[in-house]
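**Student:** Let me give you the structure first, and then I'll get to my questions.
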Amino acid sequence: MQHRGEIIKDAVYKSGYSITELAKRMGKSRRWVYLMFENHSVSLDVILQIGQIIHHNFTKEIADLYPLKKILNKSLSDLHEEDYSNDYWKNKYLQLLEEFNALLKEKGN
């Protein structure tokens, strides 16, 4: 039976997604990706992140994800590249920062 790292490795290679691009999208090094392929207990968060990047649903291969199957099927099918762009997250951050500053002003008065 394959461990989590091997399952991820197979999915990445089958997807045709380059290791360099995967590492870049995750903010990690290529070395980190190759070491992760050897890891028996890759965290579910990392698995979900990789699944979103390579557009792969790991619920069939990794039993711990099975309870999330309905949520993942919906979120993966609704996933749009622009939702995860740098501008999206920058705007999200600025919005939260403005809300936080407004709360600080309220509390200060």
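**Student:** Return the residues of the stretch 6-49 that are small (G, A, S) and on the phi < 0 side of the Ramachandran plot; say none if nothing qualifies.
**Tutor:** Taking the stretch 6-49 first, the residues small (G, A, S) are 11, 15-16, 18, 23, 27, 29, 41, 43.
Within the stretch 6-49, A11, S15, S18, A23, S29, S41, S43 meet the criteria.
**Student:** Do you know which residues across the stretch 13-51 are in a loop (DSSP other than H, G, I, E, B), surrounded by 13 or more Cβ atoms within 10 Å (Cβ to Cβ) and not polar (S, T, N, Q)?
**Tutor:** Once the filter is applied, which keeps residues that are in a loop (DSSP other than H, G, I, E, B), surrounded by 13 or more Cβ atoms within 10 Å (Cβ to Cβ) and not polar (S, T, N, Q), the stretch 13-51 yields Y17, K28, V42.
**Student:** Taking I19, is it at pLDDT below 90 and of a type outside the set (F, W, Y)?
**Tutor:** Working: at pLDDT below 90: no; of a type outside the set (F, W, Y): yes.
Against the criterion (at pLDDT below 90 and of a type outside the set (F, W, Y)), I19 does not qualify.
The values are calculated or read from the model by the stated rules, or taken from the named source; none is laboratory data. Computed from a predicted structure; not experimentally measured. Don't worry about glycine lacking a Cβ; one is built from the backbone with ideal geometry, like all the others, and counts go over all protein chains shown.
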